[in-house]
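Notes follow the structure.
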Amino acid sequence: MDKKHVHKYLKLKNTLINKARQIRLKGYQHRGFLVGCATLVFDGTQYRIFTSANFMPIKGWTKVCAEQGALVAARNQGSYPLIVAIVVCGEPQPDEESGITSTTLHPCGNCRRFFRGFPEVKADTIICTVSVDEKGPQDECTFFELWQLHTSEPLAA
């Protein structure tokens with residue numbers, strides 16, 4: 001990741017975390033499992049932040065993940081060739097595919113595959129996952145590292 005993008009992310013990190021926590025409260029899920037996402041995008045000249053919350057009103061319905069909603073919102077609002085960072089806030093739970101339970105909520109397998117197919121998400125896109133509690137843990141890695149943690153499938157495939 002270009003140093004100027006990392007610098008901008010670090011400058012806006014607290015804002016991104018706060019926005020992910022705030023939008024999380026607008027989520028709607030039948031069992032009360034709420035997730036918020038704030039993503040930092042770059043269009044070549046300026047940065048913007050897009051947010052989204054999860055939605056699944058009835059058990060058995062297809063879930064709409066916060067991460068996917070934020071990326072689709074960015075795509076629908078303009079041309080943003082780079083997703084610099086994706087910040088996710090939610091209660092941790094075991095990953096459905098890898099079985100790993102981390103201290104923060106990592107994007108689910110569907111979101112990871114979505115990121116993989118989204119050309120604006122690069123291997124070095126920053127993934128920051130945070131606790132719903134301001135004093136709780138934070139985890140930060142690249143998309144490549146997240147992918148490697150939860151699957152044995154090569155990212156380039």
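Among the listed pairs Lys4/Lys26; Lys11/Lys63; Lys26/Lys122; Lys19/Lys135, those whose Cα-Cα separation exceeds 22 Å are Lys4/Lys26; Lys11/Lys63; Lys26/Lys122. The sum of -39500 (n - 2.57) across all DSSP H runs of n ≥ 4, divided by the residue count of the chain, sets its helix-only mean residue ellipticity at 222 nm to -10000 deg cm²/dmol. Of all DSSP bridge pairs formed entirely within segment 3-142, close to 70 percent run antiparallel. Calculate, in whole percent, how much of the Cα-Cα pair population of the chain lies beyond 20 Å. When every Cα pair of the chain is considered, 45 percent fall beyond 20 Å.
I'd like to compare 111-123, 134-146: which one has the highest average count of other Cβ atoms within 10 Å, and what's the full order after that?
Ranked from most to least packed, the peptides come out as 111-123, 134-146.
Computed from the coordinates by the stated procedures, all read-outs in this text should not be read as laboratory data. From a predicted model like this one, the values you see are computed outputs, not experimental measurements. All Cβ positions, even for glycine, are placed from backbone atoms using ideal geometry, and neighbour counts span all protein chains on display.
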